[in-house]
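Reading through the structure tokens given below for one structure.
The values are calculated or read from the model by the stated rules, or taken from the named source; none is laboratory data. As the structure is a prediction and not an experimental result, all values here were calculated from the model. No Cβ is skipped: glycine too gets one built from the backbone with ideal geometry, and neighbour counts run over all protein chains shown. Ligands, DNA and RNA are stripped out before the accessible areas are found, and what is left, the full protein with its side chains, is counted by its heavy atoms. Shrake-Rupley method; radii C 1.70, N 1.55, O 1.52, S 1.80 Å.
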Amino acid sequence: MPATISTRPPAQKPTQTALLGLGVYRPSRVVMNDEVAGPIDSSDEWIQTRSGIRSRRYATEDETLVDMSAAASRAALNAAGIAAEQVDCIILATSTNFSLTPAAAPQIGAALGLTDTAAFDLSSGCSGFCFGLSLADDMVRAGSARHVLVVGAERLSDAVDFTDRSTAFIFADGAGAVVVGASESAGIGPTSWGSDGTSADAIRQTKDFLTYINDVGTQGSDAVRPYVEMRGTSVFRWAAHSLEKVCRDALDRAGVSPEDLDALIPHQANGRITEVMARTLKLPPTCAVANDIVDAGNTSAASVPLAMEALLRAGEANPGDIALLIAFGAGLSYAAQVVALPPIS
Ligand code: UT7
């Protein structure tokens, strides 16, 4: 007779989870529009009008992806009042870990003093943080982790061609992290998510690394390295006009109506996309709308936790408030969920 497999007793499966704490790391170097406008024949006025960006931050050499992630994680743990040893899994959402292997997440663990904790990277472009949140919620409710650190971190200044008009002024660097764990009240609603690989080339790396190596072989130092490129206008249209139903689906699944929302925290892709979303959802005037892009730029997988922190830090929203998160980008991919906002440190 085959052996039977024991499963976790229900007592070890909490039914409700929440964001227990939030922390961020904003890199030290502030870069104004004038600095990026020259090589793309642009202007401060054009950039502010078309994207909402006034400045962004670039990491220095010392501010590595792992360092920024570890700093954000420490702040999140501090806000949650959780010791690092109580974390059973670290999920790092990023598109800018330039080593295919090993993943960066175990190194975040090491920086936190954790050497036996599950940790892995997740690649889902700008949606990565909300994808990670969905996994963390499921892991805690399934009993496979007590606490999960979900980190979104990017060093996009390493990936951008500063002469490319559709990316040079948009993308930026930063990190944000949350601790997900069991909670007495429900703090994370069901995720509405998906992807459409027929538009894989809308946001992509210009060439893969094997092609680059071959190019170096044939062209030597003339070979052009891979960069991130984006078909900006079509991504804009998709994001501004197709994601309303994803937002409404996440709200319906959580049993929350737009009028009940205290905050909308969309991926900070473009201030005009955020405006369209807020308008089409017909949010009440009391609903705070995150606009961190003004001084953070588009930090891809880091943008949702960074924008969440900015709202809380400014007092425009408070811990416990009900917020809709919606992230979208390369893949194309998207994910949305309703959450109760966490404390910050
Ligand atoms: O994070 C992942 C998801 N990303 C997004 O959701 C980003 C979505 N896309 C965007 O945010 C916008 O498409 C951009 C901000 C990237 C570009 O704005 P746009 O309004 O779509 O610009 P466009 O490419 O349609 O160009 C409009 C005009 C053109 O001039 P004409 O033909 O109207 O005379 C361009 O030549 O603006 C010109 N232009 C620029 N001018 C100054 C395009 N890029 C620039 C520039 N500076 N950087």
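What the table shows:
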{"quantity": "Single match in G232, G189 (criterion: open to solvent by less than 70 Å² (accessible area, probe 1.4 Å) and away from the ligand (no atom under 14 Å from the Cβ))", "calculated": "G189"}
{"quantity": "Selection count where residues are open to solvent by 50 Å² or more (accessible area, probe 1.4 Å), in a loop (DSSP other than H, G, I, E, B) and of a type outside the set (V, I, T), scope the range 202-225", "calculated": "2"}
{"quantity": "Residues (within 16 Å of the ligand (Cβ to nearest atom), open to solvent by 30 Å² or more (accessible area, probe 1.4 Å) and in a helix (DSSP H, G or I)) located in the range 26-83", "calculated": "D34, E35, G38, P39, D44, E45, W46, Q48, T49, R50"}
{"quantity": "Odd one out for A335 among (1) out of contact with any Gly (no Cβ under 6 Å at 6 or more places or on another chain); (2) open to solvent by 10 Å² or more (accessible area, probe 1.4 Å)", "calculated": "(2)"}
{"quantity": "Yes/no for A240 being modelled with pLDDT under 95, within 16 Å of the ligand (Cβ to nearest atom) and not charged (D, E, K, R)", "calculated": "yes"}
{"quantity": "One residue from A323, A296, A250, A254 being within 16 Å of the ligand (Cβ to nearest atom), buried (at least 18 other Cβ atoms within 10 Å of the Cβ) and aliphatic (A, V, I, L, M)", "calculated": "A296"}
{"quantity": "Enumeration of residues in the range 248-278 that are more than 16 Å from the chain's Cα centre (by Cα) and among the β-branched types (V, I, T)", "calculated": "V256, I273, V276"}
{"quantity": "The range 84-103: number of residues that are open to solvent by less than 20 Å² (accessible area, probe 1.4 Å) and under 13 Å from A302 (Cβ atoms)", "calculated": "4"}
{"quantity": "Looking only at the range 1-25, and only at residues there that are out of contact with any strand residue (DSSP E or B) (no Cβ under 9 Å at 6 or more places or on another chain) and of a type in the set (S, T, Y), the one that is surrounded by the most Cβ atoms within 10 Å (Cβ to Cβ)", "calculated": "T7"}
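Conditions (1) part of a loop (DSSP other than H, G, I, E, B); (2) more than 21 Å from N78 (Cα to Cα), marked per residue:
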site: F162; (1), (2): yes, yes
site: A168; (1), (2): yes, yes
site: A175; (1), (2): no, no
site: G181; (1), (2): no, no
site: E184; (1), (2): yes, no
site: A200; (1), (2): no, yes
